[in-house]
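Contents: one structure, followed by commentary.
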Amino acid sequence: MRRVVFNQKGGVGKSTITCNLAAISASKGLRTLVVDLDPQGNSSHYLLGQDAGDEDDTLAGLFNQTLNFRFNPKKTAEYVQATPFPGLSLLPSHPMLEELQSKLESRYKIFKLREALDELAGDFDAVYIDTPPALNFYTRSALIATQTCLIPFDCDNFSRRALYALLENVQEIRADHNRDLRVEGIVVNQFQPRATLPQKLVQELMDEGLPVLKSYLSSSIKIRESHEQAKPMIHLDPRHKLALEFVALHDELNGALQAA
């Protein structure tokens, strides 16, 4: 199973959702991989607590290899790094991804990520892909490489406006490049149940028939501590309300997957 977390709007919690769902997946015994396609590397820092290392050991090295012919290219598995959390691995980001983007796009390397993940298909049970806050080469690569797409929604009107364009972009990629791609659901993030506007916005999305998931994620200062300590919630404080909400979201997604 491959799942991409995507929204063109920044600050909606893509990296937080990616890493916490992946950590729960690994804690349940699934061999789990996080792919960090964002040059900012938030998921990489979250899971490693430090820089991922030299460019050649990261996704930048993997993509750069596709631009330069080698007689003995490194296998994709050689770029995968272990995290401190059992069962959870990482294909880390690097700032050099920003510079490589135009070269990869001009050489039409849009399917290379899918090929790389196909190479790893026997090594992992679950793959979570974090993406930049833009519909660019890396995001398109992720949507071509995956089966499902999760869309974080942070309960403001700007996010709602961006949501419709986002759904159209996903459908276009599905039509042109990846017939297996589907929107798995909209993740309501930073939800404040006592505030009127979030309730109103979420209800309007549901009234429009959009696939809003039932498990909401609360706004909590605890997530900042989670980022600072480089520990997903399931490892930092598994009994915290937000940790339990992430578990409920994970179970809802995988329950729907098994029922499909």
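The values are calculated or read from the model by the stated rules, or taken from the named source; none is laboratory data. All figures in this text were calculated on a predicted structure; none of them were measured in a lab. In this analysis, Cβ positions are derived from the backbone assuming ideal geometry, glycine residues included, and neighbour counts consider all displayed protein chains.
A few notes on this one:
- Scoring R160 on the criteria (1) modelled with pLDDT of 95 or more; (2) touching a helix residue (DSSP H, G or I) at 6+ places or on another chain (Cβ under 8 Å) leaves a single failure, condition (1).
- Apart from one condition, S220 fits all of (1) farther than 25 Å from V247 by Cα; (2) assigned to a loop (DSSP other than H, G, I, E, B); the exception is (1).
- Qualifying residue in the range 80-92 (condition: aliphatic (A, V, I, L, M), out of contact with any Lys or Arg (no Cβ under 8 Å at 6 or more places or on another chain), part of a loop (DSSP other than H, G, I, E, B) and over 14 Å from F124 (Cα atoms)): no
- For L249, the requirement of being under 22 Å from L90 (Cβ atoms), out of contact with any Lys or Arg (no Cβ under 6 Å at 6 or more places or on another chain) and modelled with pLDDT of 95 or more is met.
- Residue list for the range 135-171, restricted to those being of a type in the set (D, E, K, R) and either assigned to a strand (DSSP E or B) or touching a residue at least 60 places away in the same chain (Cβ under 8 Å) (or both): D154
- Residue match in the range 63-79 (condition: within 18 Å of R3 (Cβ to Cβ), in a loop (DSSP other than H, G, I, E, B) and out of contact with any Lys or Arg (no Cβ under 9 Å at 6 or more places or on another chain)): no
- Filter result for I186 (outside any loop (DSSP other than H, G, I, E, B), free of Cβ contacts under 8 Å to residues at least 40 places away in the same chain, under 17 Å from the mean Cα position of the chain (by Cα) and closer than 19 Å to L242 by Cα): yes
- Close contacts from the range 226-237, counting a first residue that is part of a helix (DSSP H, G or I) and a second that is among the aromatic types (F, W, Y), with Cβ to Cβ under 6 Å and a gap of 6+ residues or different chains, come to M233/F246.
- Among (1) within 22 Å of I110 (Cα to Cα); (2) buried (at least 24 other Cβ atoms within 10 Å of the Cβ); (3) out of contact with any strand residue (DSSP E or B) (no Cβ under 6 Å at 6 or more places or on another chain); (4) not acidic (D, E) - the single one N7 does not satisfy: (3)
- Any hit, the range 33-46, residues being closer than 19 Å to G255 by Cβ and in contact with a strand residue (DSSP E or B) (Cβ under 8 Å, 6 or more places away or on another chain): no
- Residue within the range 126-148 that is polar (S, T, N, Q), surrounded by fewer than 18 Cβ atoms within 10 Å (Cβ to Cβ), farther than 30 Å from V202 by Cβ and modelled with pLDDT of 95 or more present: no
- Within the option set D56, D38, D51, being buried (at least 22 other Cβ atoms within 10 Å of the Cβ) and either at pLDDT below 95 or assigned to a loop (DSSP other than H, G, I, E, B) (or both) holds for one residue only, D38.
- If you go through the range 67-112 and keep only what is touching a residue at least 24 places away in the same chain (Cβ under 8 Å), out of contact with any Asp or Glu (no Cβ under 9 Å at 6 or more places or on another chain) and basic (K, R), you end up with K103, R107, K109, K112.
- Qualifying residue in the range 176-183 (condition: touching a helix residue (DSSP H, G or I) at 6+ places or on another chain (Cβ under 9 Å), acidic (D, E), under 27 Å from D51 (Cα atoms) and not in a strand (DSSP E or B)): no
- No other residue among S93, S102, S43 is surrounded by fewer than 23 Cβ atoms within 10 Å (Cβ to Cβ) and hydroxyl-bearing (S, T, Y) apart from S102.
- Lone qualifier among L217, L205, L213, L167 - being surrounded by 20 or more Cβ atoms within 10 Å (Cβ to Cβ) and either touching a Ser or Thr at 6+ places or on another chain (Cβ under 7 Å) or closer than 25 Å to A134 by Cα (or both): L217
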